[in-house]
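Here the structure is laid out as C-alpha coordinates; the discussion comes afterwards.
The values are calculated or read from the model by the stated rules, or taken from the named source; none is laboratory data. Fair warning: this is a prediction, and the values are worked out from it, not measured in the lab. Counting neighbours? That spans all protein chains shown, and the Cβs are built from the backbone with ideal geometry, glycine included.
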Number of protein chains: 2
Amino acid sequence: MNNYVSDAVIRRLPRYRRYLKKLQDQDIQRISSKELGEIMDVTASQIRQDLNHFGGFGQQGYGYGVAELDQKLEGIMGLDRTYTMGFVGCGKMGQSVIHFINGNEPNFKIVALCDNRPEMIGREIEGIVVQDKESFRQRMRTGIDILVITAPARIAEEVAGDISGTEIKGVWNFGHTDFNVKGVKVINVHLSDSLHSLCYYINHPD
Amino acid sequence: MNNYVSDAVIRRLPRYRRYLKKLQDQDIQRISSKELGEIMDVTASQIRQDLNHFGGFGQQGYGYGVAELDQKLEGIMGLDRTYTMGFVGCGKMGQSVIHFINGNEPNFKIVALCDNRPEMIGREIEGIVVQDKESFRQRMRTGIDILVITAPARIAEEVAGDISGTEIKGVWNFGHTDFNVKGVKVINVHLSDSLHSLCYYINHPD
(Lines give C-alpha, C1' and ligand atoms only; values in the text may rest on other atoms or scores of the structure.)
Protein backbone atom coordinates (compact mmCIF):
# COMPACT_ATOMS: atom_id res chain seq x y z
CA MET A 1 0.00 0.00 0.00
CA ASN A 2 1.32 3.35 -1.07
CA ASN A 3 0.60 6.11 1.41
CA TYR A 4 0.98 9.15 -0.80
CA VAL A 5 -2.16 9.60 -2.85
CA SER A 6 -2.09 12.40 -5.41
CA ASP A 7 -4.93 14.88 -5.86
CA ALA A 8 -5.51 13.48 -9.34
CA VAL A 9 -6.21 10.02 -7.90
CA ILE A 10 -8.52 11.45 -5.23
CA ARG A 11 -10.42 13.38 -7.87
CA ARG A 12 -10.91 10.15 -9.83
CA LEU A 13 -12.34 8.12 -6.91
CA PRO A 14 -15.89 9.56 -7.18
CA ARG A 15 -15.89 8.68 -10.86
CA TYR A 16 -15.00 5.06 -10.08
CA ARG A 17 -17.94 4.93 -7.71
CA ARG A 18 -20.33 6.34 -10.33
CA TYR A 19 -19.37 3.57 -12.73
CA LEU A 20 -19.50 0.90 -10.02
CA LYS A 21 -23.05 2.01 -9.15
CA LYS A 22 -24.05 1.77 -12.80
CA LEU A 23 -22.62 -1.78 -12.95
CA GLN A 24 -24.59 -2.72 -9.82
CA ASP A 25 -27.77 -1.35 -11.43
CA GLN A 26 -27.04 -3.75 -14.30
CA ASP A 27 -26.51 -6.64 -11.86
CA ILE A 28 -22.88 -7.04 -12.89
CA GLN A 29 -21.05 -8.61 -9.98
CA ARG A 30 -17.45 -8.56 -11.06
CA ILE A 31 -15.34 -6.82 -13.64
CA SER A 32 -11.73 -6.91 -14.83
CA SER A 33 -9.60 -3.77 -14.89
CA LYS A 34 -9.61 -4.12 -18.69
CA GLU A 35 -13.42 -4.10 -18.93
CA LEU A 36 -13.75 -1.31 -16.36
CA GLY A 37 -11.12 0.69 -18.27
CA GLU A 38 -13.09 0.28 -21.49
CA ILE A 39 -16.34 1.66 -20.09
CA MET A 40 -14.51 4.45 -18.24
CA ASP A 41 -12.24 5.27 -21.19
CA VAL A 42 -9.00 4.92 -19.20
CA THR A 43 -6.31 2.23 -19.34
CA ALA A 44 -6.50 -0.93 -17.25
CA SER A 45 -3.07 -0.05 -15.92
CA GLN A 46 -4.29 3.33 -14.63
CA ILE A 47 -7.12 1.62 -12.77
CA ARG A 48 -4.77 -0.90 -11.19
CA GLN A 49 -2.32 1.85 -10.22
CA ASP A 50 -5.06 4.03 -8.74
CA LEU A 51 -6.58 1.24 -6.69
CA ASN A 52 -3.21 -0.09 -5.54
CA HIS A 53 -2.89 3.05 -3.44
CA PHE A 54 -5.57 1.62 -1.22
CA GLY A 55 -4.46 -1.98 -1.17
CA GLY A 56 -5.49 -3.24 -4.60
CA PHE A 57 -8.73 -5.21 -4.06
CA GLY A 58 -8.56 -7.04 -7.41
CA GLN A 59 -7.57 -10.67 -7.81
CA GLN A 60 -5.60 -11.92 -10.78
CA GLY A 61 -7.95 -13.77 -13.14
CA TYR A 62 -11.04 -12.76 -11.15
CA GLY A 63 -11.14 -9.00 -11.37
CA TYR A 64 -12.88 -6.72 -8.93
CA GLY A 65 -16.00 -7.57 -6.96
CA VAL A 66 -18.18 -4.61 -7.97
CA ALA A 67 -20.22 -4.16 -4.78
CA GLU A 68 -17.22 -4.89 -2.57
CA LEU A 69 -15.00 -2.34 -4.35
CA ASP A 70 -17.76 0.26 -4.22
CA GLN A 71 -18.20 -0.31 -0.49
CA LYS A 72 -14.46 -0.13 0.19
CA LEU A 73 -14.14 3.13 -1.74
CA GLU A 74 -17.15 4.48 0.16
CA GLY A 75 -15.29 3.81 3.41
CA ILE A 76 -11.99 5.21 2.13
CA MET A 77 -13.72 8.43 1.07
CA GLY A 78 -15.55 8.70 4.38
CA LEU A 79 -18.93 8.43 2.68
CA ASP A 80 -20.15 5.78 5.13
CA ARG A 81 -21.03 8.59 7.57
CA THR A 82 -23.00 11.80 7.47
CA TYR A 83 -21.82 15.40 7.47
CA THR A 84 -23.56 18.56 8.60
CA MET A 85 -23.43 21.59 6.32
CA GLY A 86 -23.83 25.32 6.71
CA PHE A 87 -24.36 27.61 3.70
CA VAL A 88 -23.07 31.15 3.32
CA GLY A 89 -25.07 32.78 0.54
CA CYS A 90 -28.67 31.90 -0.28
CA GLY A 91 -29.04 33.51 -3.72
CA LYS A 92 -29.70 31.55 -6.90
CA MET A 93 -26.45 29.60 -6.68
CA GLY A 94 -26.97 28.84 -2.97
CA GLN A 95 -30.53 27.70 -3.51
CA SER A 96 -29.61 25.49 -6.43
CA VAL A 97 -26.84 23.80 -4.42
CA ILE A 98 -29.18 23.38 -1.41
CA HIS A 99 -31.75 21.80 -3.72
CA PHE A 100 -29.09 19.59 -5.25
CA ILE A 101 -27.84 18.37 -1.85
CA ASN A 102 -31.30 17.64 -0.49
CA GLY A 103 -32.30 15.81 -3.64
CA ASN A 104 -29.15 13.84 -4.33
CA GLU A 105 -26.82 13.58 -1.37
CA PRO A 106 -28.31 11.64 1.57
CA ASN A 107 -25.01 11.77 3.50
CA PHE A 108 -25.16 15.56 3.84
CA LYS A 109 -27.56 17.30 6.18
CA ILE A 110 -28.01 21.06 5.85
CA VAL A 111 -28.32 22.54 9.34
CA ALA A 112 -27.72 26.29 8.93
CA LEU A 113 -28.07 29.01 6.29
CA CYS A 114 -26.76 32.56 6.18
CA ASP A 115 -27.24 35.58 3.94
CA ASN A 116 -26.40 39.23 4.41
CA ARG A 117 -29.37 40.70 2.51
CA PRO A 118 -32.11 41.89 4.88
CA GLU A 119 -34.88 40.55 2.62
CA MET A 120 -33.44 37.02 2.90
CA ILE A 121 -33.00 36.90 6.67
CA GLY A 122 -35.74 34.95 8.44
CA ARG A 123 -36.90 33.32 5.21
CA GLU A 124 -37.10 29.54 5.16
CA ILE A 125 -35.37 27.57 2.41
CA GLU A 126 -36.20 23.86 2.26
CA GLY A 127 -37.08 23.92 5.95
CA ILE A 128 -34.10 25.90 7.29
CA VAL A 129 -34.34 29.53 8.39
CA VAL A 130 -31.80 31.96 6.91
CA GLN A 131 -29.74 33.67 9.62
CA ASP A 132 -27.88 36.96 9.51
CA LYS A 133 -24.09 36.99 9.59
CA GLU A 134 -23.78 37.71 13.31
CA SER A 135 -25.99 34.88 14.49
CA PHE A 136 -24.49 32.53 11.88
CA ARG A 137 -21.02 33.37 13.16
CA GLN A 138 -22.10 31.98 16.55
CA ARG A 139 -23.85 29.01 14.93
CA MET A 140 -20.82 27.98 12.92
CA ARG A 141 -18.63 27.46 16.00
CA THR A 142 -19.92 23.93 16.66
CA GLY A 143 -21.85 21.25 14.85
CA ILE A 144 -20.98 22.18 11.27
CA ASP A 145 -18.61 19.83 9.41
CA ILE A 146 -18.64 21.49 5.99
CA LEU A 147 -19.11 25.15 5.14
CA VAL A 148 -20.51 25.75 1.66
CA ILE A 149 -19.73 29.16 0.24
CA THR A 150 -22.16 30.31 -2.43
CA ALA A 151 -21.63 34.04 -1.89
CA PRO A 152 -19.57 36.71 -3.66
CA ALA A 153 -15.79 36.58 -3.11
CA ARG A 154 -15.78 39.54 -0.71
CA ILE A 155 -18.20 37.81 1.66
CA ALA A 156 -16.38 34.51 1.26
CA GLU A 157 -13.16 36.16 2.40
CA GLU A 158 -14.84 37.68 5.46
CA VAL A 159 -16.25 34.31 6.47
CA ALA A 160 -12.94 32.56 5.88
CA GLY A 161 -11.48 34.71 8.65
CA ASP A 162 -14.00 33.30 11.13
CA ILE A 163 -13.37 29.61 10.42
CA SER A 164 -10.35 28.92 12.60
CA GLY A 165 -11.36 27.79 16.06
CA THR A 166 -14.63 26.29 14.81
CA GLU A 167 -15.32 22.58 14.26
CA ILE A 168 -15.51 23.11 10.49
CA LYS A 169 -13.37 20.52 8.72
CA GLY A 170 -13.86 21.41 5.10
CA VAL A 171 -15.03 24.22 2.84
CA TRP A 172 -16.81 23.73 -0.47
CA ASN A 173 -16.29 27.05 -2.19
CA PHE A 174 -18.33 28.18 -5.20
CA GLY A 175 -16.94 31.71 -5.02
CA HIS A 176 -14.73 32.86 -7.85
CA THR A 177 -11.62 33.27 -5.72
CA ASP A 178 -9.56 30.39 -4.41
CA PHE A 179 -8.91 30.74 -0.75
CA ASN A 180 -7.03 28.85 1.92
CA VAL A 181 -7.68 28.41 5.61
CA LYS A 182 -5.01 26.81 7.76
CA GLY A 183 -6.02 23.36 9.00
CA VAL A 184 -9.17 23.23 6.88
CA LYS A 185 -9.37 21.64 3.44
CA VAL A 186 -10.92 23.92 0.84
CA ILE A 187 -12.25 22.62 -2.47
CA ASN A 188 -12.74 25.47 -4.91
CA VAL A 189 -15.41 24.77 -7.53
CA HIS A 190 -14.70 26.79 -10.64
CA LEU A 191 -17.62 26.57 -13.00
CA SER A 192 -15.73 28.66 -15.55
CA ASP A 193 -12.85 26.22 -15.74
CA SER A 194 -14.92 23.43 -17.23
CA LEU A 195 -16.64 25.84 -19.63
CA HIS A 196 -13.31 27.20 -20.81
CA SER A 197 -11.93 23.69 -21.27
CA LEU A 198 -14.98 22.97 -23.41
CA CYS A 199 -14.02 25.91 -25.64
CA TYR A 200 -10.53 24.46 -26.01
CA TYR A 201 -12.03 21.18 -27.25
CA ILE A 202 -14.45 22.97 -29.59
CA ASN A 203 -11.48 24.74 -31.18
CA HIS A 204 -9.27 21.63 -31.35
CA PRO A 205 -11.49 18.84 -32.67
CA ASP A 206 -9.82 15.41 -32.94
CA MET B 1 5.69 21.79 -29.93
CA ASN B 2 3.99 18.61 -28.81
CA ASN B 3 0.68 17.96 -30.54
CA TYR B 4 -0.93 15.57 -28.10
CA VAL B 5 -2.32 17.52 -25.17
CA SER B 6 -3.80 15.44 -22.37
CA ASP B 7 -7.13 16.24 -20.74
CA ALA B 8 -5.27 16.96 -17.49
CA VAL B 9 -3.26 19.75 -19.17
CA ILE B 10 -6.39 21.20 -20.79
CA ARG B 11 -8.15 21.21 -17.43
CA ARG B 12 -5.23 23.15 -15.95
CA LEU B 13 -5.18 25.91 -18.61
CA PRO B 14 -8.08 27.91 -17.09
CA ARG B 15 -6.29 27.83 -13.74
CA TYR B 16 -3.15 29.31 -15.29
CA ARG B 17 -5.26 32.12 -16.70
CA ARG B 18 -6.86 32.83 -13.31
CA TYR B 19 -3.42 33.27 -11.76
CA LEU B 20 -2.15 35.32 -14.69
CA LYS B 21 -5.12 37.67 -14.30
CA LYS B 22 -4.37 38.05 -10.60
CA LEU B 23 -0.74 38.91 -11.42
CA GLN B 24 -1.90 41.52 -13.93
CA ASP B 25 -4.19 43.03 -11.27
CA GLN B 26 -1.05 43.38 -9.16
CA ASP B 27 0.85 44.97 -12.06
CA ILE B 28 3.33 42.12 -12.21
CA GLN B 29 4.70 42.00 -15.74
CA ARG B 30 6.84 38.91 -15.75
CA ILE B 31 7.27 35.81 -13.67
CA SER B 32 9.56 32.77 -13.62
CA SER B 33 8.16 29.24 -13.69
CA LYS B 34 9.54 28.86 -10.16
CA GLU B 35 7.62 31.87 -8.81
CA LEU B 36 4.47 30.94 -10.71
CA GLY B 37 4.79 27.40 -9.37
CA GLU B 38 5.01 28.70 -5.82
CA ILE B 39 1.83 30.75 -5.98
CA MET B 40 -0.03 27.99 -7.83
CA ASP B 41 1.35 25.23 -5.59
CA VAL B 42 2.72 23.13 -8.45
CA THR B 43 6.30 22.46 -9.52
CA ALA B 44 8.15 24.75 -11.91
CA SER B 45 8.82 21.68 -14.05
CA GLN B 46 5.10 20.95 -14.38
CA ILE B 47 4.49 24.49 -15.57
CA ARG B 48 7.25 24.28 -18.15
CA GLN B 49 6.00 20.89 -19.34
CA ASP B 50 2.40 22.09 -19.62
CA LEU B 51 3.27 25.25 -21.54
CA ASN B 52 5.74 23.46 -23.80
CA HIS B 53 2.77 21.74 -25.41
CA PHE B 54 1.90 25.08 -26.95
CA GLY B 55 5.38 26.25 -27.86
CA GLY B 56 6.84 27.24 -24.53
CA PHE B 57 6.59 31.06 -24.37
CA GLY B 58 9.14 31.45 -21.56
CA GLN B 59 12.69 32.66 -22.04
CA GLN B 60 15.57 31.33 -19.99
CA GLY B 61 16.54 33.91 -17.39
CA TYR B 62 13.58 36.15 -18.22
CA GLY B 63 10.55 34.04 -17.37
CA TYR B 64 7.09 34.53 -18.81
CA GLY B 65 5.58 37.80 -19.90
CA VAL B 66 2.38 37.73 -17.85
CA ALA B 67 0.03 39.61 -20.20
CA GLU B 68 1.52 37.95 -23.27
CA LEU B 69 1.13 34.44 -21.85
CA ASP B 70 -2.44 35.20 -20.77
CA GLN B 71 -3.29 36.45 -24.24
CA LYS B 72 -1.71 33.46 -25.96
CA LEU B 73 -3.59 31.04 -23.72
CA GLU B 74 -6.79 32.98 -24.44
CA GLY B 75 -6.24 32.38 -28.15
CA ILE B 76 -5.29 28.72 -27.68
CA MET B 77 -8.47 28.11 -25.68
CA GLY B 78 -10.59 29.94 -28.22
CA LEU B 79 -11.64 32.54 -25.66
CA ASP B 80 -10.85 35.43 -28.02
CA ARG B 81 -14.25 34.93 -29.65
CA THR B 82 -17.85 34.65 -28.48
CA TYR B 83 -20.14 31.65 -28.26
CA THR B 84 -23.92 31.42 -28.32
CA MET B 85 -25.61 29.23 -25.74
CA GLY B 86 -28.94 27.48 -25.40
CA PHE B 87 -30.18 26.13 -22.06
CA VAL B 88 -32.26 23.01 -21.53
CA GLY B 89 -33.80 23.23 -18.06
CA CYS B 90 -34.70 26.51 -16.36
CA GLY B 91 -35.17 25.37 -12.78
CA LYS B 92 -32.97 26.49 -9.88
CA MET B 93 -29.82 25.02 -11.37
CA GLY B 94 -30.55 26.46 -14.80
CA GLN B 95 -31.31 29.90 -13.43
CA SER B 96 -28.18 29.98 -11.29
CA VAL B 97 -26.01 29.02 -14.26
CA ILE B 98 -27.76 31.61 -16.48
CA HIS B 99 -27.13 34.23 -13.79
CA PHE B 100 -23.51 33.13 -13.47
CA ILE B 101 -22.88 33.34 -17.23
CA ASN B 102 -24.49 36.75 -17.61
CA GLY B 103 -22.58 38.13 -14.64
CA ASN B 104 -19.17 36.60 -15.22
CA GLU B 105 -18.65 35.33 -18.73
CA PRO B 106 -18.72 38.09 -21.37
CA ASN B 107 -17.70 35.67 -24.14
CA PHE B 108 -20.91 33.68 -23.83
CA LYS B 109 -24.24 34.97 -25.06
CA ILE B 110 -27.40 33.14 -24.03
CA VAL B 111 -29.78 33.09 -27.00
CA ALA B 112 -32.38 30.41 -26.20
CA LEU B 113 -33.97 28.72 -23.19
CA CYS B 114 -36.14 25.62 -22.94
CA ASP B 115 -38.16 23.94 -20.22
CA ASN B 116 -40.81 21.25 -20.35
CA ARG B 117 -42.96 22.50 -17.45
CA PRO B 118 -46.05 24.39 -18.69
CA GLU B 119 -45.71 27.05 -15.95
CA MET B 120 -42.21 27.94 -17.17
CA ILE B 121 -42.99 28.25 -20.89
CA GLY B 122 -43.35 31.85 -22.06
CA ARG B 123 -41.67 33.21 -18.92
CA GLU B 124 -38.73 35.52 -19.40
CA ILE B 125 -35.44 34.81 -17.60
CA GLU B 126 -32.84 37.56 -17.79
CA GLY B 127 -34.39 38.84 -21.00
CA ILE B 128 -34.86 35.53 -22.83
CA VAL B 129 -38.24 33.81 -23.26
CA VAL B 130 -38.46 30.13 -22.23
CA GLN B 131 -39.54 27.93 -25.13
CA ASP B 132 -41.21 24.54 -25.06
CA LYS B 133 -39.33 21.49 -26.26
CA GLU B 134 -40.85 21.41 -29.73
CA SER B 135 -40.01 25.00 -30.64
CA PHE B 136 -36.59 24.72 -28.97
CA ARG B 137 -35.87 21.64 -31.08
CA GLN B 138 -36.31 23.84 -34.17
CA ARG B 139 -34.34 26.70 -32.59
CA MET B 140 -31.35 24.54 -31.76
CA ARG B 141 -30.72 23.52 -35.38
CA THR B 142 -28.75 26.68 -36.15
CA GLY B 143 -27.03 29.50 -34.30
CA ILE B 144 -26.28 27.70 -31.03
CA ASP B 145 -22.64 26.84 -30.34
CA ILE B 146 -22.98 25.39 -26.85
CA LEU B 147 -25.92 23.53 -25.35
CA VAL B 148 -26.11 23.77 -21.56
CA ILE B 149 -28.05 20.96 -19.91
CA THR B 150 -29.43 21.84 -16.51
CA ALA B 151 -32.32 19.38 -16.59
CA PRO B 152 -32.89 15.91 -15.12
CA ALA B 153 -30.99 13.04 -16.76
CA ARG B 154 -34.08 11.71 -18.56
CA ILE B 155 -34.65 15.01 -20.36
CA ALA B 156 -30.92 15.38 -21.03
CA GLU B 157 -30.93 12.02 -22.80
CA GLU B 158 -33.92 12.99 -24.96
CA VAL B 159 -32.22 16.21 -26.01
CA ALA B 160 -28.93 14.45 -26.71
CA GLY B 161 -30.73 12.48 -29.41
CA ASP B 162 -31.61 15.72 -31.22
CA ILE B 163 -28.10 17.20 -31.33
CA SER B 164 -26.63 15.52 -34.38
CA GLY B 165 -27.27 17.51 -37.52
CA THR B 166 -27.38 20.81 -35.62
CA GLU B 167 -24.58 23.38 -35.46
CA ILE B 168 -23.99 22.65 -31.76
CA LYS B 169 -20.28 22.13 -31.12
CA GLY B 170 -20.18 21.44 -27.41
CA VAL B 171 -22.38 20.42 -24.50
CA TRP B 172 -21.93 21.60 -20.92
CA ASN B 173 -23.86 19.01 -18.95
CA PHE B 174 -24.92 19.54 -15.34
CA GLY B 175 -27.11 16.43 -15.37
CA HIS B 176 -26.07 13.54 -13.17
CA THR B 177 -25.41 11.13 -16.03
CA ASP B 178 -22.42 11.32 -18.32
CA PHE B 179 -23.45 11.19 -21.92
CA ASN B 180 -21.74 11.17 -25.28
CA VAL B 181 -22.82 12.54 -28.64
CA LYS B 182 -20.80 11.65 -31.71
CA GLY B 183 -18.89 14.62 -33.11
CA VAL B 184 -19.77 16.90 -30.19
CA LYS B 185 -17.58 17.44 -27.15
CA VAL B 186 -19.44 16.96 -23.88
CA ILE B 187 -18.12 18.24 -20.57
CA ASN B 188 -19.95 16.62 -17.68
CA VAL B 189 -19.97 18.77 -14.53
CA HIS B 190 -20.29 16.53 -11.50
CA LEU B 191 -20.93 18.64 -8.45
CA SER B 192 -20.89 15.54 -6.26
CA ASP B 193 -17.38 14.58 -7.32
CA SER B 194 -15.76 17.61 -5.74
CA LEU B 195 -17.87 17.26 -2.59
CA HIS B 196 -16.92 13.60 -2.25
CA SER B 197 -13.24 14.42 -2.77
CA LEU B 198 -13.59 16.96 0.04
CA CYS B 199 -14.81 14.15 2.31
CA TYR B 200 -11.75 12.11 1.43
CA TYR B 201 -9.50 15.00 2.51
CA ILE B 202 -11.51 15.56 5.71
CA ASN B 203 -10.93 11.92 6.60
CA HIS B 204 -7.24 11.90 5.62
CA PRO B 205 -5.74 15.06 7.08
CA ASP B 206 -2.06 15.64 6.27
Considering only residues that are of a type in the set (Ser, Thr, Tyr), in a helix (DSSP H, G or I) and surrounded by 16 or more Cβ atoms within 10 Å (Cβ to Cβ), which ones fall in the stretch B:16-71? B:Tyr16, B:Tyr19, B:Ser33
If you check every pair at least six apart or on different chains, which have Cβ atoms under 7 Å apart with a residue in the stretch A:4-17 that is more than 7 Å from chain B (Cβ to nearest Cβ) and closer than 14 Å to A:Arg48 by Cα first and a residue that is of a type outside the set (Lys, Arg) and in a helix (DSSP H, G or I) second? A:Val9/A:Asp50; A:Arg12/A:Asp50; A:Tyr16/A:Leu73
Return yes when B:Phe108 is within 30 Å of B:Thr166 (Cα to Cα) and facing chain A (nearest Cβ under 10 Å) and no when it is not. yes
What's the number of the only condition in (1) of a type in the set (S, T, N, Q); (2) under 21 Å from B:His176 (Cβ atoms); (3) touching a strand residue (DSSP E or B) at 6+ places or on another chain (Cβ under 8 Å) that A:Ser33 fails to meet? (2)
Scanning the stretch B:21-49 residue by residue, the ones that are within 13 Å of another protein chain (Cβ to nearest Cβ) and in contact (Cβ under 8 Å) with a residue 40 or more places away in the chain total 1
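Quick grid of which residues meet (1) at the interface with another protein chain (Cβ under 9 Å from one of its Cβ atoms); (2) among the polar types (S, T, N, Q):
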| residue | (1), (2) |
| --- | --- |
| B:Leu51 | no, no |
| B:Leu69 | no, no |
| B:Glu74 | no, no |
| B:Tyr83 | yes, no |
| B:Cys90 | no, no |
| B:Asn104 | yes, yes |
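Can you pull out the strands (runs of 3 or more DSSP E) entirely within the stretch B:123-206 that have at least 1 residues that are more than 21 Å from the chain's Cα centre (by Cα) and modelled with pLDDT of 95 or more?
Values: elements: B:128-131, B:146-149, B:170-173, B:185-188.
Per the criteria, B:128-131.
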Six or more apart or on different chains, Cβ atoms under 6 Å: show the pairs whose first residue is in the stretch A:175-204 and farther than 17 Å from A:Val88 by Cβ and whose second is part of a loop (DSSP other than H, G, I, E, B) and not basic (Lys, Arg). A:Ser194/B:Val189; A:His196/B:Met77; A:Cys199/B:Met77; A:Cys199/B:Gly78; A:Cys199/B:Leu79; A:Tyr200/B:Met77; A:Asn203/B:Gly78
From (1) more than 7 Å from chain A (Cβ to nearest Cβ); (2) surrounded by fewer than 19 Cβ atoms within 10 Å (Cβ to Cβ), pick out the condition that doesn't hold for B:Asn188. (2)
Evaluate the following for B:Asn116: is it at pLDDT below 95, touching a helix residue (DSSP H, G or I) at 6+ places or on another chain (Cβ under 6 Å) and more than 8 Å from every other protein chain (Cβ to nearest Cβ)? yes
Closer than 25 Å to B:Asn104 by Cβ, surrounded by fewer than 21 Cβ atoms within 10 Å (Cβ to Cβ) and either in contact with a Lys or Arg (Cβ under 7 Å, 6 or more places away or on another chain) or touching a residue at least 40 places away in the same chain (Cβ under 8 Å) (or both) - does that describe any residue in the stretch A:93-104? yes
Please find, within the stretch A:74-89, the residue that is surrounded by the fewest Cβ atoms within 10 Å (Cβ to Cβ) out of those that are out of contact with any Ser or Thr (no Cβ under 8 Å at 6 or more places or on another chain) and of a type in the set (Gly, Ala, Ser). A:Gly75
